[in-house]
Amino acid sequence: MDERTFDRSGQHASVVGLGTWQLGADWGDVDDKEALAVLEAAAEAGVTFFDTADVYGDGRSEQTIAAFLSGRPDLHVLVATKMGRRADQIPENYVLDNFRAWNDRSRRNLGVDRIDLVQLHCPPTPVYSTDEVFDALDTLVEEERIAAYGVSVETCAEALTAIARPNVASVQIILNPFRMKPLREVLPAAREAGVGIIARVPLASGLLSGKYTRDTVFPENDHRTYNRHGESFDVGETFSGVDYLTGVEAAAEFAALAPGGCTPAQLALRWIIDQPGVTTVIPGARSPEQARANAAAARLPELSGETLTAIRDLYDRRIRDQVESRW
């Protein structure tokens, strides 16, 4: 699989990575054996970038990645984790002493002395404008606890503030055919600054797979049930912030645009891969089959101008007004 570079850090990632939120929690139950099988399938398909967080399953996702990689010393995988969401979400918690404690825990979970890439995990907005926060992250690099750092953001404004910081290596942001606003300013700014873009929620929590209907019922411990209206965290993380019924109807239109030999999910992933400035896209997977199908999107041809125009038209008609004013 092709790899792209985080220019500021010199690190490389496969154009399709693997998001591992599903392997920790909040998407129903996934047993350890199945989680390891997902990681194996992704690696065998050429994925060299795993994204996790200390809060996914309260460390379970990090520990599962460590268990997998310990048995595969032949693999060269860039592992990115995130920190911050296990604490109360107030700017005062984003200080060096806490960073060291959070980093110690993640390094233990991952079984490494130095973590490849650490990202602030959608912190309160004032954090992005606080010099001391980034001084503390620089200290973690100097202490060789981490090789590089980035941020995960909710809004385009937060992304632009982070990109202006000279040592931010990456910005993780929601980007998919139902969330196009980052294309206008964030991706061009990141390209100019040499900041990598990690595209998350690429399938709009599965909506863009075309598998769901208005009658689909998700498990009680799935965020697509308990966070549908933002009850537990930013609603933009669930279905990209799109109203579910609107999303299902729009997803049916989107699925009809998939060319032959391409599933709707692969169409969404290919659309993201084709956007200038994207370094890697990180779909999750709950089965080896999903992991392999996601990786296969990297081998599909670039989308035609006609398909791109149709996707843009769908977004403008059905989605734009629901998401652009908030994120």
| query | Within the range 21-45, restricting attention to residues that are out of contact with any strand residue (DSSP E or B) (no Cβ under 6 Å at 6 or more places or on another chain), in contact (Cβ under 8 Å) with a residue 40 or more places away in the chain and not in a helix (DSSP H, G or I), which residue is surrounded by the fewest Cβ atoms within 10 Å (Cβ to Cβ)? | reply | Asp29
| said: Restricting to the range 119-136, name every residue that is out of contact with any helix residue (DSSP H, G or I) (no Cβ under 7 Å at 6 or more places or on another chain) and either aliphatic (A, V, I, L, M) or under 18 Å from Asp54 (Cβ atoms) (or both). | reply: Gln119, His121, Cys122, Pro123
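Residue-by-condition table, conditions (1) acidic (Asp, Glu); (2) in a loop (DSSP other than H, G, I, E, B); (3) surrounded by fewer than 23 Cβ atoms within 10 Å (Cβ to Cβ):
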| residue | (1), (2), (3) |
| --- | --- |
| Asp215 | yes, yes, yes |
| Ser232 | no, yes, yes |
| Thr246 | no, no, yes |
| Ala251 | no, no, no |
| Phe254 | no, no, no |
| Gly261 | no, yes, yes |
| Gln275 | no, yes, yes |
| Thr279 | no, no, no |
| Arg286 | no, yes, yes |
| When the residues of the range 191-205 are filtered to those that are surrounded by fewer than 22 Cβ atoms within 10 Å (Cβ to Cβ) and not basic (Lys, Arg), which remaining residue is nearest to Ser9 (Cα to Cα)? | Gly194
| query | Can you name every residue in the range 100-118 that is of a type outside the set (D, E, K, R) and either modelled with pLDDT under 95 or under 19 Å from Phe50 (Cβ atoms) (or both)? | reply | Trp102, Asn103, Ser106, Asn109, Leu110, Gly111, Val112, Ile115, Leu117, Val118
| Residue that is farthest from the chain's Cα centre (by Cα), among those in the range 188-213 that are in a loop (DSSP other than H, G, I, E, B) and of a type in the set (S, T, N, Q) | Thr213
| request: For Arg184, work out the one condition from (1) at positive phi; (2) free of Cβ contacts under 8 Å to residues at least 60 places away in the same chain it doesn't fulfil. | output: (1)
| Taking the condition open to solvent by less than 50 Å² (accessible area, probe 1.4 Å), more than 18 Å from Phe233 (Cα to Cα) and modelled with pLDDT of 95 or more, does Asp97 pass? | no
| query | When Asp316 is evaluated against the numbered criteria (1) modelled with pLDDT of 95 or more; (2) farther than 23 Å from Ala190 by Cβ; (3) within 16 Å of the chain's Cα centre (by Cα), which criterion, by number, is the only one it fails? | reply | (3)
| Any residue at all in the range 46-56 that is without any contact (Cβ under 8 Å) to a residue 40 or more places away in the chain, among the aliphatic types (A, V, I, L, M) and surrounded by 19 or more Cβ atoms within 10 Å (Cβ to Cβ)? | no
| query | Got a number for residues in the range 288-327 being over 17 Å from Arg179 (Cα atoms), out of contact with any Gly (no Cβ under 9 Å at 6 or more places or on another chain) and not in a helix (DSSP H, G or I)? | reply | 4
| request: Counting only residues that are in contact (Cβ under 8 Å) with a residue 40 or more places away in the chain, give me the strands (runs of 3 or more DSSP E) lying completely in the range 62-170 with at least 3 of them. | output: 78-83, 117-121
| query | Does Val79 count as touching an Asp or Glu at 6+ places or on another chain (Cβ under 9 Å) and closer than 28 Å to Ala37 by Cα? | reply | yes
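The values are calculated or read from the model by the stated rules, or taken from the named source; none is laboratory data. What you see is a predicted model; the values in this text were computed from it and never measured. Note that we place each Cβ from the backbone using ideal geometry, even for glycine, and neighbour counts take in every protein chain shown. When the accessible area is computed, the model is the full protein with side chains, heavy atoms only, and any ligands, DNA or RNA have been set aside. Shrake-Rupley method; radii C 1.70, N 1.55, O 1.52, S 1.80 Å.
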